[in-house]
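The structure appears below as structure tokens.
The values are calculated or read from the model by the stated rules, or taken from the named source; none is laboratory data. The shown structure was predicted, so the numbers you read here are calculated from the model rather than taken from an experiment. Neighbour counts run over all protein chains shown; Cβ positions are idealised from the backbone, glycine included.
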Amino acid sequence: MRQVTNPPYPYDRYSAEYVGEPPPTKLEVFEETSTKKIITKAFASDWEGGFRYTVNCYRGCVHGCTYCFARQYHEYLGYGAGTDFETKIVVKPNAPRLLREELKRTRDRMPHLDFSFATDPYLPLEAEYKLTRQCLEVCAEFRVPVAIITKSPLVTRDLDVLKRLSKVSVFFSLPFLTKERSNPFEPYTPVPEARFRAMKTLSDAGIATGIGIAPVIPGYNESDIPGLLERAKECGARRAFMSMLHIDTDSIEQFFVQKMNERLPETRVRKIINTMHRERGGSLRHRSFAERSIGRTEQWDVTVKLFEFHAKRLGFKQHERPVVEDTPAEPAQQSLF
């Protein structure tokens, strides 16, 4: 893995309103070419067959979401789960080539591919590297179904490729309705309105879109759920899902609490922590995989019913995970899920 001495500046192409404010510390970019595989098989109890297949062209994420469960994976590289995750970004320049080689061997057994799992597939660096775009082109060639989860309007750049995919869905992660609500937890992400505009652009072009209200942070953003669903419906989204905040490790918990104390009033921090403790049996962390995205109190039940009521009222298809849908440009195929 080598450090890029003069990496592309990821915020050159777009306004701050479009991609969010750049991190205050210096961004370091490393290129990793030693990896032998790009498709990761990950256990997921709510996926058909119990597994999902993911592609990550990058490690780390400049969006800096304080709640991100993927922060722990940076520790495997010898970095920290805090600001290192946001400022030390690992790029996999050979990802498209590796994907092509793997699909030559497995395409008949590959039910779907998800972009991404450990990072956003449309980091600002993607504007220069175009690795996600190249991988999507490979998927179009091999007719592999694709689901994308992103916080970035940069996905609209690849509309031409998305239209060539046999099956595709694009979900926008939108836990907060306004920039002011988002800032304490998603300091460097595109503002919510920019994500909604991107959702409408894709929907108007015939791409199946959805909204992921994740995470729901008990004691903070439950009240945003109706407005988020209404705005997503206006922008053409067909599907919606939600899940509770899940914190996997001590290091992520410490970072999450530290940033809340820096960015929120003390009374608000206490409310969030106390509410989470009730949902997690006295802890901020879940005790098992089954409890990862759900709560245990009547208050959480009310939140679920709030989501279900408005989703049903607005005509959303509901599910626990993103699914892949046929693009209108291609003949309909039997669902793989």
Assuming MET199 fulfils every condition listed in (1) in contact with a strand residue (DSSP E or B) (Cβ under 6 Å, 6 or more places away or on another chain); (2) assigned to a helix (DSSP H, G or I); (3) over 19 Å from THR156 (Cα atoms) apart from one, which condition is it?
-> (3)
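For GLY212, state whether it is in contact with a Leu (Cβ under 9 Å, 6 or more places away or on another chain), crowded, with 18+ Cβ neighbours inside 10 Å and modelled with pLDDT of 95 or more.
It is true that GLY212 is in contact with a Leu (Cβ under 9 Å, 6 or more places away or on another chain), crowded, with 18+ Cβ neighbours inside 10 Å and modelled with pLDDT of 95 or more.
Listed here are the residues, each with its yes/no results for (1) under 29 Å from ILE252 (Cβ atoms); (2) in a helix (DSSP H, G or I).
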{"site": "PHE69", "(1), (2)": "yes, no"}
{"site": "GLU86", "(1), (2)": "yes, yes"}
{"site": "GLU102", "(1), (2)": "no, yes"}
{"site": "PRO111", "(1), (2)": "no, no"}
{"site": "ALA118", "(1), (2)": "yes, no"}
{"site": "GLN134", "(1), (2)": "no, yes"}
{"site": "ILE149", "(1), (2)": "yes, no"}
{"site": "ASP160", "(1), (2)": "no, yes"}
{"site": "LYS163", "(1), (2)": "no, yes"}
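Taking segment 275-305 on its own, how many of its residues are among the charged types (D, E, K, R), in a helix (DSSP H, G or I) and under 25 Å from the mean Cα position of the chain (by Cα)? Before you say what the answer is, go through the steps one by one.
Taking segment 275-305 as the starting set, the residues that turn out to be among the charged types (D, E, K, R) are 278-280, 285, 287, 291-292, 296, 298, 301, 305.
If we keep only those that are in a helix (DSSP H, G or I) too, we end up with 278-279, 291, 298, 301, 305.
Still in the list and also under 25 Å from the mean Cα position of the chain (by Cα): 279, 291, 301, 305.
The qualifying residues number 4.
Charged (D, E, K, R), free of Cβ contacts under 8 Å to residues at least 60 places away in the same chain and closer than 25 Å to ALA240 by Cβ: which single residue out of ARG292, ARG268 fits that description? Step through it out loud before you land on a result.
Numbers: ARG268 fails: closer than 25 Å to ALA240 by Cβ.
Within the list ARG292, ARG268, the selection yields ARG292.
Filter segment 159-176 down to the residues that are surrounded by fewer than 21 Cβ atoms within 10 Å (Cβ to Cβ) and touching a helix residue (DSSP H, G or I) at 6+ places or on another chain (Cβ under 6 Å) and list them by number.
VAL161, ARG164
Which residues, taken from segment 90-115, are touching a Leu at 6+ places or on another chain (Cβ under 8 Å) and modelled with pLDDT of 95 or more? Talk me through it step by step, then tell me what you get.
Of segment 90-115, the ones touching a Leu at 6+ places or on another chain (Cβ under 8 Å) are 90-93, 95-96, 110-112, 115.
Correct list: VAL90, VAL91, LYS92, PRO93, ALA95, PRO96, PHE115.
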Output the qualifying pairs, or none if there are none: Cβ atoms under 6 angstrom, residues six or more apart or on different chains, first residue in segment 105-132 and touching a residue at least 40 places away in the same chain (Cβ under 8 Å) and crowded, with 24+ Cβ neighbours inside 10 Å, second residue aromatic (Phe, Trp, Tyr) and assigned to a loop (DSSP other than H, G, I, E, B).
-> PRO124/TYR11
Taking the stated definitions as given, is SER152 small (Gly, Ala, Ser) and under 13 Å from ASP114 (Cβ atoms)?
-> no
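Here's the yes/no breakdown for (1) touching a Cys at 6+ places or on another chain (Cβ under 9 Å); (2) under 20 Å from TYR67 (Cα atoms); (3) among the hydrophobic types (A, V, I, L, M, F, W, C):
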site: LEU154; (1), (2), (3): no, no, yes
site: GLU222; (1), (2), (3): no, yes, no
site: PHE241; (1), (2), (3): no, yes, yes
site: LEU245; (1), (2), (3): no, yes, yes
site: SER251; (1), (2), (3): no, yes, no
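Suppose the filter is of a type outside the set (Ser, Thr, Tyr) and modelled with pLDDT of 95 or more; does PRO192 pass it?
Numbers: of a type outside the set (Ser, Thr, Tyr): yes; modelled with pLDDT of 95 or more: yes.
Spelling it out, PRO192 is indeed of a type outside the set (Ser, Thr, Tyr) and modelled with pLDDT of 95 or more.
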From the list PRO218, PRO226, PRO184, pick out the single residue that is touching a residue at least 12 places away in the same chain (Cβ under 8 Å) and crowded, with 23+ Cβ neighbours inside 10 Å.
-> PRO218
